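For reference, the structure is listed below as structure tokens.
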Amino acid sequence: MKILLVDVGAGTQDLLLPIEGKSYENWVKAVLPSPTAKLAKAVDGWKGSVIRFNGYTMGGGPLKKAVLRFISRGGRVVATLPAAKSFSDDPNELKEWGIEVVESLPEADFTLTDLEFDLYRALFEMAGVEGGGFILGVACQDHGFEEGQSDRVTRFNCLRELLEEERRPEKLVYRGPTGKFSRFDSILEQLKERGVEGFVMDSKLAAVAGVLQVAREQGVKSFLCLDCGNGHTLAAAVKDGVICALFEHHTRMLGADKLKNFMVKLLKGELSFEEVFNDGGHGAVCFEPVEPEKVYLVGPNRKKFKELGEYAYPLGDAMLFGCAGLVEASRSLHFIS
């Protein structure tokens, strides 16, 4: 059965269709606007005084900002609870913003989802791949939610708990409900409803798994992965295929010197959760020190930190580091060879 891998970001969704019997250079690839970016553009151009949302919980990002801009212009927003969670999991925050949450909304102006099955079918058709069933692997990001707790704490607690159970990045996938991440659970719910087999992976951990693919090709046993995203930067120290230390911060709050200082402490196993969190980041966890042979950079803001390492090109492409991680995860799940 064929498999489609989709890395859903704030600006783009990167799609990869592995083709059996062909090298990865000849696999089908596409980099397209993300669902949240397309919806944000539609909301910004909306001429009515009311917008109604139903559907599923999806990535907020640009869409959330567009919705808040619409409200600031005097617009009214009505949404079902799953759709409203795309903007915030916190009901008090939704109320404060003026978003009206209703039980059901049979007719809506926009139906929210991260998954665009019509697009996937079109990609199969353009690639000349037969229709029918397929496996779907998805990478995206979710902060999680616990009432009364900073989402920075919630997200990092979940990351640490995940790593305490399994530290091989390609194994860090979700196949059943998490109970903590509404976006991940929404995607898994949609797969179940459609009878599609698949999995979800945190996009930052997918990036680490993708860089691991590069390291293995180059014969590198220990390395530091820097995923320099638009919103977050994650650094992960890896040795013999295992994550040994990790921290996550907000990209806008980092300069090269600050990031280097955090990197040095991380590699020594001396960077604490409190130091990163108190600086406005998410946190850090260290299991053991690492002496890296290389520092690899990926992500849309890698140029900002180019002096700290070398660019990595998983699957030979600067954009496909998340999809490369999904490939490694798919191999660990025996979906592809």
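Of the residues that sit in segment 34-54 and are polar (S, T, N, Q) and outside any loop (DSSP other than H, G, I, E, B), which one is surrounded by the fewest Cβ atoms within 10 Å (Cβ to Cβ)?
First, the residues of segment 34-54 that are polar (S, T, N, Q): 34, 36, 49, 54.
So of that shortlist, the ones also outside any loop (DSSP other than H, G, I, E, B) come out as 36, 54.
Numbers: THR36: 26, ASN54: 21.
Per the criteria, the residue is ASN54.
Here GLN149 fulfils each of the conditions (1) farther than 30 Å from LEU246 by Cα; (2) without any contact (Cβ under 8 Å) to a residue 60 or more places away in the chain; (3) exposed (fewer than 13 other Cβ atoms within 10 Å of the Cβ); (4) not aromatic (Phe, Trp, Tyr) apart from (1).
Taking GLY231, is it open to solvent by 30 Å² or more (accessible area, probe 1.4 Å) and either without any contact (Cβ under 8 Å) to a residue 12 or more places away in the chain or hydroxyl-bearing (Ser, Thr, Tyr) (or both)? Taking the combined requirement at face value, the residue does not satisfy it. The criterion of at least 3 residues that are closer than 25 Å to PHE199 by Cα and within 19 Å of the chain's Cα centre (by Cα) is met, among strands (runs of 3 or more DSSP E) falling completely within segment 237-337, by 242-250.
Please specify each residue of segment 187-198 satisfying the condition of being under 23 Å from PHE145 (Cα atoms) and crowded, with 23+ Cβ neighbours inside 10 Å. Of everything in segment 187-198, just one residue is under 23 Å from PHE145 (Cα atoms) and crowded, with 23+ Cβ neighbours inside 10 Å, namely ILE187. Looking at segment 282-298, is at least one residue surrounded by fewer than 17 Cβ atoms within 10 Å (Cβ to Cβ), free of Cβ contacts under 8 Å to residues at least 12 places away in the same chain and closer than 22 Å to VAL214 by Cα? No, the conditions are met nowhere in segment 282-298. Does ARG252 qualify as being among the charged types (D, E, K, R) and open to solvent by 30 Å² or more (accessible area, probe 1.4 Å)? When the stated conditions are applied, ARG252 passes them. Quick check on ASP90: is it under 28 Å from LEU205 (Cβ atoms) and crowded, with 20+ Cβ neighbours inside 10 Å? No: the conditions fail for ASP90.
Would you confirm whether or not segment 61-68 contains a residue that is of a type outside the set (Val, Ile, Thr) and farther than 30 Å from ALA318 by Cβ? Checked segment 61-68: at least one residue is of a type outside the set (Val, Ile, Thr) and farther than 30 Å from ALA318 by Cβ. The residues listed here are TRP46, TRP97, TRP27; of these, the one that is in contact (Cβ under 8 Å) with a residue 24 or more places away in the chain and in contact with a Pro (Cβ under 6 Å, 6 or more places away or on another chain) is TRP27.
Taken as a whole, the structure leaves GLY60 outside the set of residues that are modelled with pLDDT of 95 or more and either of a type outside the set (S, T, N, Q) or assigned to a loop (DSSP other than H, G, I, E, B) (or both).
Scanning segment 93-144 for residues that are aromatic (Phe, Trp, Tyr) and open to solvent by 70 Å² or more (accessible area, probe 1.4 Å) yields a total of 0.
The values are calculated or read from the model by the stated rules, or taken from the named source; none is laboratory data. Note that the structure is predicted; figures quoted are calculated from it, not measured. Cβ sites come from the backbone with ideal geometry, for glycine too, and all protein chains shown count toward neighbours. Surface areas here come from the heavy atoms of the whole protein model, side chains and all, with no ligands, DNA or RNA. Shrake-Rupley method; radii C 1.70, N 1.55, O 1.52, S 1.80 Å.
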